[in-house]
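**Q** Mind having a look at this structure? Questions to follow.
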Amino acid sequence: MELINKLEEFGLSRREAEVYIALLQKKEFTAPELTKITTITRTKIYEHLQNLVHKGLCNESNKNGQKIYKAVSPKIVLNLIIRKYQQDLEKKRKSSEQLGKELSSLHQIGVNKIEPLDYIEVLNDPRQIRERWFNIEKNLKEELLVFTKPPYSVSLEDNVEEGSKVLKKKKINTRSIYEYNDLTPVEINNLIYMIETYQKLGEQSRIIEKLPMKLAVCDETITMLSLVDKVSLQPGITTIIIDHPGFAVALKNTFESYWIKAMTIEDFKSKIKECSND
């Protein structure tokens, strides 16, 4: 049984291995004799013998009108098997080289292929939005334009701590417009305090009653925006990031139009003071 298992590892079928081991037990056999010492039927024995002849493990001859079968020496058989393995291995090596070239070529086409929406990224998880935003800030080179309005995926305090100090160090030209619509007096005071903190870090800031969306335009290349759910009219947390210079420039023009209409923080504070006096 163990010998049969080992021969199977060298590419013989279980029945072929059984017949070859039987052939080794005597100088020569007829097919009917082999059926008596193996588990193979008379109708199948010839098929397995022919397979062994074809593989070089058995010789066939005629004697007194009968077909006689003799086992080829195991040393010769093993050399034949090793040589066949080497030939198969070399054939597979050459085939694999060609296959590798074809697959690499196909992969390169796939890597270089630009899909229609490859430049659009959609995020829903607040933690992913937060990390993506800080990553964009770290990779800024020249300019950042921002529409800021609630809800904040990153608190104003955290943004000062983790982001704005980086912008100051890199001397990024940063301009932000803040929305004050629907804020309580206390919230407005907090907002003014945070804006003035940003200004000390080098940000140019203005404030306006209403903004159409949350927006960041980075280096005229990447645009990050969040839109209000048009069905529920509640602020959504879905953020879209578009890596497209043409789109970024178009949104920069939108920013500039709001920048012109927005108030400076000094003018806004004066307006609040006048309203409180009235």
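Values quoted throughout were computed directly from the atomic coordinates according to the rules given, and no laboratory measurement underlies them. If you're wondering where the values come from, they're calculated on a predicted model, not measured in any experiment. With ideal geometry, Cβ positions are generated from the backbone for all residues, glycine too; neighbour counts draw on all protein chains shown.
**Q** Given contacts defined as C-alpha pairs under 8 Å and at least six residues apart, what's the relative contact order of the range 2-76, whole-number percent? Could you put the intermediate results ahead of the total?
**A** Working: 81 pairs, mean separation 22.4, N = 75.
RCO, the range 2-76: 30 percent.
**Q** Taking neighbour counts of Cβ atoms within 10 Å as a proxy for exposure, in what order, fewest first, do 221, 184 appear?
**A** Arranged by neighbour count, lowest to highest, 221, 184 become 184, 221.
**Q** Pick out which of 108, 66, 87 has the largest mean-square fluctuation in a Gaussian network model of the chain, springs linking Cα atoms closer than 10 Å.
**A** 66
**Q** Take every DSSP beta bridge whose two residues both sit in the chain, then give the antiparallel share in percent to the nearest 5. List each step's numbers first, then the result.
**A** Working: 28 of 39 bridges.
Bridges in the chain are about 70 percent antiparallel.
**Q** Moving on to the next point. Local charge sum around residue 224 (other residues, Cβ-Cβ under 11 Å, Lys/Arg +1, Asp/Glu -1)?
**A** Local net charge: -1.
**Q** Also: Can you show me the helix-derived [θ] at 222 nm for the chain, built from DSSP H runs with n ≥ 4 at -39,500 (n - 2.57) apiece and divided by the number of residues, rounded to the nearest 500. Show your work: numbers first, answer last.
**A** Values: 11 runs with 147 residues, N = 278.
Mean residue ellipticity at 222 nm (helix-derived): -17000 deg cm²/dmol.
**Q** How high is the relative contact order of the chain, in percent, counting Cα pairs under 8 Å that sit 6 or more residues apart?
**A** 14 percent
**Q** Of (1) -0.67, -0.81, -1.46; (2) -0.65, -0.77, -1.28; (3) -0.74, -0.83, -1.17, which is the value of log10 I(q)/I(0) by the Debye sum over Cα atoms at q = 0.11, 0.12, 0.16 Å⁻¹ derived from the coordinates here?
**A** Identified label for the calculated read-out: (3).
**Q** Where is the GNM fluctuation largest for the chain (alpha-carbon springs, 10 angstrom cutoff): 170, 92, 141?
**A** 92
**Q** Using Cβ contacts closer than 10 Å as the measure, can you line up 107, 48, 244 from fewest to most?
**A** By the 10 Å Cβ count, ascending: 107, 244, 48.
**Q** On to the next question. Using only Cα atoms, tell me the angle between helix 14-23 and the longest principal axis of the chain; keep it within 0 to 90° and round to the nearest 10.
**A** 30 degrees
**Q** Counting other beta carbons within 10 Å of each Cβ, put 134, 255 in order, fewest first.
**A** The order, fewest Cβ neighbours first, is 134, 255.
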